[in-house]
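A.B. asks: Quick one: this structure, given as structure tokens, is what I'll be asking you about.
Bear in mind that the values in this text are calculations on the coordinates, not laboratory data. Since the model is a prediction, treat every value here as computed from it, not as a measurement. Here the Cβ positions follow ideal geometry from the backbone for every residue, glycine too, while neighbour counts run over all protein chains shown.
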Amino acid sequence: KDWRGQFGKDMLFAVVQLANYGARAAEPSESATARLREDQRLAVLADPNAALVTAIDVGDPGDIHPANKQVVGQRLARAAAVRLYGQAGVASGPMVRSAVADGSRIVLDFSDVEGTLQAYGSSRPIGFEACGDAGCRWVDAQVHGSRIVLPDDGGVRKVRFCWADAPTCTLYDSKSGLPAFPFEQAVKR
């Protein structure tokens with residue numbers, strides 16, 4: 001709000017979501033860094049003149065200043081070209097739109113996918129968590145075009161993806177090559 005007051009409601013802001021930095025998680029757990037990434041994502045979603053790019057895949061768990069700044073610059077330039085100048089394509093990459101319970105599964109729908117979702121390094125993407133009253137647990141995910149399907153035991157209240165200080169994220173858009181954004185999403189029942 002302060003920046004909007006200083007620079008106006010029409011100026012485009014491009015936000016870089018925090019890179020992966022810190023200890024790798026062996027089990028699902030809370031993460032202040034992941035929470036800040038989610039706050040960045042939600043702030044940009046609430047502002048029609050803001051764009052978000054992620055650096056989740058270019059960071060260094062041992063160095064808070066990622067060396068690969070060229071990729072971040074290219075992503076910022078792409079977001080500006082699409083948002084400001086109407087260039088064809090997606091500005092930022094796959095972002096969760098909804099999580100809906102459907103029988104014994106949860107279907108995650110993504111926006112900003114040019115091709116299809118694709119997992120690198122495995123036949124399935126990793127880093128998905130199902131969270132309920134007993135906490136969060138890793139779950140297997142399956143790619144179906146621009147959707148992800150997770151198992152549901154009926155007690156899942158929210159799902160998270162790449163929720164850690166330095167997660168390993170393997171989900172990308174097959175055409176743009178952009179990584180999916182880390183997120184936390186409530187499940188609609």
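A.B. asks: Could you identify the single residue in Ala19, Ala23 that is within 30 Å of Ala130 (Cβ to Cβ) and within 16 Å of the chain's Cα centre (by Cα)?
C.D. replies: Answer to the selection: Ala19.
A.B. asks: Also: Report those strands (runs of 3 or more DSSP E) wholly inside segment 111-168 carrying at least 3 residues which are free of Cβ contacts under 8 Å to residues at least 40 places away in the same chain, surrounded by 13 or more Cβ atoms within 10 Å (Cβ to Cβ) and in contact with a Cys (Cβ under 8 Å, 6 or more places away or on another chain).
C.D. replies: Details: elements: 117-119, 128-132, 135-138, 142-144, 147-151, 158-161.
Output list is empty.
A.B. asks: Give the residue that is surrounded by the most Cβ atoms within 10 Å (Cβ to Cβ), with candidates limited to residues of segment 169-188 that are under 24 Å from Val58 (Cα atoms) and small (Gly, Ala, Ser).
C.D. replies: Our first condition is that a residue be under 24 Å from Val58 (Cα atoms); within segment 169-188, this holds for 169-185.
With the extra rule that they be small (Gly, Ala, Ser), the set shrinks to 174, 176-177, 180.
Numbers: Ser174: 15, Ser176: 19, Gly177: 11, Ala180: 29.
Once the filter is applied, the top-ranked residue is Ala180.
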